[in-house]
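Report on the structure given below.
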Amino acid sequence: TDVREKSVSAFRGEIERALTLGAEFLVLHPGSWKGLTRNEGLKLAAESIAKAIDGLPWQGTDFSILIENTAGAECSLGGNFEQVAELVERLKTHAPVGVCLDTCHTHVSGYDIVTAEGYADTITQADITFGVDAVRVWHCNDAKAERGSKLDRHEHIGQGSIGVEPFRWLLHDPRFADCAFIAETPVDEDGDEERNVRVLKSLVK
C-alpha cells in the first residue's frame with residue numbers, strides 16, 4: 001500500500017542518516033498489525049524493515065537496528081518478548097539487529113520488574129526469548145500507569161508505579177554492564193532532564 005511504501009522510504013532515510021552520523025544504533029518501534037492477523041503483521045514488519053535496509057552500506061560499520069518492546073496496546077507489535085524475538089530472528093539475516101528494552105513499556109505490558117523475584121523472572125524470560133546479550137540499550141522511564149495497563153505514559157524516575165529500586169537493580173545488573181541507558185522522561189519544567197539523569201546516576205554510587 002501507499003502508506004507502507006512511504007513508511008519504508010522514511011525508515012530507509014533514517015538509516016541513511018544514522019550511517020552518515022556514524023551512529024551505533026537506530027531504535028525502531030515495530031508498528032501495528034491493524035487489519036491483519038498478528039502473525040501477518042510480524043511478517044510484514046520484518047519484510048518492510050528488510051526492504052528499507054536492502055543495499056545500504058552498513059557492512060563494516062558498528063551499526064545495528066534495535067527492536068524496541070512496546071507497551072502492548074491493541075494491534076501494536078512488540079508488546080511481548082516473544083514478538084520482539086521473532087522480529088530479531090526474521091531480520092538477522094538482513095542486517096545486524098538487537099534489542100532496546102523500555103522499562104515503562106515492559107511494566108505496562110504486564111511484566112513484573114517491581115519485585116526482586118519478578119525482576120529476576122522477567123530478565124530470565126528476556127534471556128530465553130531473544131537473549132540478554134542482544135540488549136544494547138535500555139530506555140529508563142518510570143510509569144504513570146499500573147502494570148499490565150498497556151498505557152504508554154512515562155513518569156519521572158522514582159515517581160511512578162515502578163519506583164526507584166528496580167532502576168538500581170537494572171543499573172547494577174552485570175548482564176547489562178555494556179548497555180547504554182537513556183531517560184525518556186517527561187519535561188514538566190526546566191531542568192527535568194538533568195534531574196532524572198541525576199537520580200539514575202545516584203543509584204550507581
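The values are calculated or read from the model by the stated rules, or taken from the named source; none is laboratory data. Given the structure is predicted, the values throughout are model-derived calculations rather than measurements. Every residue, glycine among them, receives a Cβ derived from its backbone with ideal geometry; neighbour counts consider all protein chains shown. Areas reflect the complete protein model, heavy atoms only, side chains present, ligands, DNA and RNA absent. Shrake-Rupley method; radii C 1.70, N 1.55, O 1.52, S 1.80 Å.
At a glance:
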{"item": "Entirely in segment 53-131, the helices (runs of 4 or more DSSP H) that have 2 or more residues that are of a type outside the set (A, V, I, L, M, F, W, C), more than 17 Å from the chain's Cα centre (by Cα) and more than 21 Å from LEU36 (Cβ to Cβ)", "result": "116-129"}
{"item": "Filter result (farther than 18 Å from GLU68 by Cβ and either small (Gly, Ala, Ser) or crowded, with 21+ Cβ neighbours inside 10 Å (or both)) within segment 156-165", "result": "ILE157, GLY158, GLY160, SER161, GLY163"}
{"item": "Selection from segment 101-118 of residues that are on the phi < 0 side of the Ramachandran plot and surrounded by fewer than 19 Cβ atoms within 10 Å (Cβ to Cβ)", "result": "ASP112, VAL114, THR115, ALA116, GLU117, GLY118"}
{"item": "Test: residue in segment 188-196 that is open to solvent by 60 Å² or more (accessible area, probe 1.4 Å), in contact (Cβ under 8 Å) with a residue 60 or more places away in the chain and among the charged types (D, E, K, R)", "result": "no"}
{"item": "Sole residue being in contact with a Cys (Cβ under 7 Å, 6 or more places away or on another chain) and crowded, with 16+ Cβ neighbours inside 10 Å, chosen from ARG153, ARG136", "result": "ARG136"}
{"item": "Given (1) within 20 Å of GLU184 (Cα to Cα); (2) of a type outside the set (A, V, I, L, M, F, W, C); (3) assigned to a helix (DSSP H, G or I), number of the condition GLY13 does not satisfy", "result": "(1)"}
{"item": "Cβ-Cβ under 6 Å pairs, at least 6 apart or on other chains, segment 88-107 side under 18 Å from LEU26 (Cβ atoms), far side at pLDDT 85 or above and among the basic types (Lys, Arg)", "result": "GLY98/ARG136"}
{"item": "Filtered residues of segment 167-187 (kept if in contact with a Leu (Cβ under 9 Å, 6 or more places away or on another chain), under 21 Å from GLU24 (Cα atoms) and either small (Gly, Ala, Ser) or surrounded by fewer than 16 Cβ atoms within 10 Å (Cβ to Cβ) (or both))", "result": "ALA183"}
{"item": "Candidates ALA126, ALA183, ALA145 - the one that is closer than 15 Å to THR106 by Cα, without any contact (Cβ under 8 Å) to a residue 40 or more places away in the chain and aliphatic (A, V, I, L, M)", "result": "ALA145"}
{"item": "Residue match in segment 31-40 (condition: part of a helix (DSSP H, G or I), more than 16 Å from the chain's Cα centre (by Cα) and under 20 Å from HIS105 (Cβ atoms))", "result": "yes"}
{"item": "Residue match in segment 30-38 (condition: out of contact with any Leu (no Cβ under 7 Å at 6 or more places or on another chain) and under 21 Å from VAL137 (Cα atoms))", "result": "no"}
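Let's see how each residue does on (1) under 30 Å from SER149 (Cα atoms); (2) open to solvent by 30 Å² or more (accessible area, probe 1.4 Å):
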{"residue": "SER7", "(1), (2)": "yes, yes"}
{"residue": "PHE11", "(1), (2)": "yes, no"}
{"residue": "GLY31", "(1), (2)": "yes, yes"}
{"residue": "ASN39", "(1), (2)": "yes, yes"}
{"residue": "GLY72", "(1), (2)": "yes, no"}
{"residue": "VAL88", "(1), (2)": "yes, no"}
{"residue": "THR93", "(1), (2)": "no, yes"}
{"residue": "GLY98", "(1), (2)": "yes, no"}
